[in-house]
Amino acid sequence: MKKRFVHYLIILAVVIVVNFFIPRLLPGSPIRTLVGEDTGSMTAEEKMGILEAYHLTDPLYKQFGYYIRDLFTGNWGVSYSKRLPITELILPAAGWTLLLSGTTMLLSVLLGSLLGAASALRRRKKKDLGIVLSTTFLSSIPPFWIAILLLGVFGAKLGWFPTYGAYSMWSDAQGFAKIADIAWHMVLPVLALVLTSLMPYFSTTRYSVLKTMSADYVRMARFRGLPEHKINTGYILRNAFVPVFTLLMMDVGYLLSGSVLVETVFSYPGLGVLMRDAVSARDYPLIQYTFLISSVLTIAALFAADLCYHRIDPSLEAQNAQ
């Protein structure tokens, strides 16, 4: 495990370095964002002075030094485009994305795993074919197309659900009423994401269940005359869900990144919209730290999966010891 920990530290170091260069490789300059509409009337010397104030004319190694210093001191600076501290922008947006993506992930895991298990247990039947075709079709549609369709039909035309935002802007609701209002605004974005996120959990569960059904201990359980429902729940499903756990931990990295396009369609104030705005404005600090948070969360989730995986599947300990 110590070797794995060192490997993750190396990956984290590479991510930190690459994250510094990502915004600087983008075409264009942040000068228009920094100055505004007056950039056309400014002289080259005035523009250079603005860039110098933000250390953008310094050599890259100096800019990298400032980046590392600010990263570990917590002084993440001010957004060029929003004119607010980075932490004041990221934390609220991350909270909304965490809520949206966490709910999506929970529902995707439950529905995808249940459908995958049901499909495997009903293999070679019409119901199995229908489930496979439906999940495959949904996974082939881009999430933003589903989002636009849901928004147009159930939001704009029928008026059943809100069409934008995470809550009612001018509502003074408190307590349970506010929670219900937030949940109501989440229905369409979550539905759009869940419908297009089922396939990984469905296919992983289905393959794992089919593989487990042919295992020796399952055959032995049938030979002993155990009831079929007990074999399905206690022997097949229990062991087949181990790969689903790994897939879940890998997907935790999306909790703070969310879906940029779906959040944009519904004007949901999450981290995805913040990333989009940062990239379009060439807002270097905001780009760096939004992408960095997502990357660090992914690495932490994978490391946590390594720690927990041995508890779920103890046979891995013996394999590593050999």
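Considering only residues in the range 207-231 that are among the hydroxyl-bearing types (Ser, Thr, Tyr) and touching a helix residue (DSSP H, G or I) at 6+ places or on another chain (Cβ under 9 Å), the one that is farthest from residue 120 (Cα to Cα) turns out to be 217. Please determine, by comparing only the residues of the range 193-229 that are closer than 30 Å to residue 144 by Cβ and not in a helix (DSSP H, G or I), which one is farthest from the chain's Cα centre (by Cα). Taking the candidates together, the pick is 196. For the range 103-136, residues that are surrounded by fewer than 16 Cβ atoms within 10 Å (Cβ to Cβ), within 21 Å of residue 210 (Cβ to Cβ) and under 26 Å from the mean Cα position of the chain (by Cα) total 5. Every test in (1) at pLDDT below 85; (2) closer than 15 Å to residue 193 by Cβ is passed by residue 147 save one, and that test is (1).
Filtering the range 153-174 for residues that are part of a helix (DSSP H, G or I) and closer than 30 Å to residue 119 by Cβ leaves a non-empty set.
Here residue 251 does not fit the description of being of a type outside the set (S, T, N, Q), part of a helix (DSSP H, G or I), surrounded by 15 or more Cβ atoms within 10 Å (Cβ to Cβ) and modelled with pLDDT of 80 or more. For the condition of a type outside the set (Asp, Glu), at pLDDT 75 or above and surrounded by fewer than 20 Cβ atoms within 10 Å (Cβ to Cβ), what is the one hit in 246, 233, 264? Criteria check complete, one pass: 264. Going by the structure shown, is residue 137 closer than 30 Å to residue 243 by Cβ and part of a helix (DSSP H, G or I)? When the stated conditions are applied, residue 137 passes them. Selection of first residues in the range 76-104 that are assigned to a loop (DSSP other than H, G, I, E, B) and of second residues that are hydroxyl-bearing (Ser, Thr, Tyr) and buried (at least 16 other Cβ atoms within 10 Å of the Cβ), restricted to Cβ pairs under 8 Å at least 6 apart or on distinct chains, gives the following pairs, ordered by first then second residue: 76/289; 80/33; 80/54; 80/284; 81/33.
The values are calculated or read from the model by the stated rules, or taken from the named source; none is laboratory data. These figures come from a predicted structure and were not determined experimentally. Cβ: placed from backbone, ideal geometry, glycine included. Neighbour counts: every protein chain shown.
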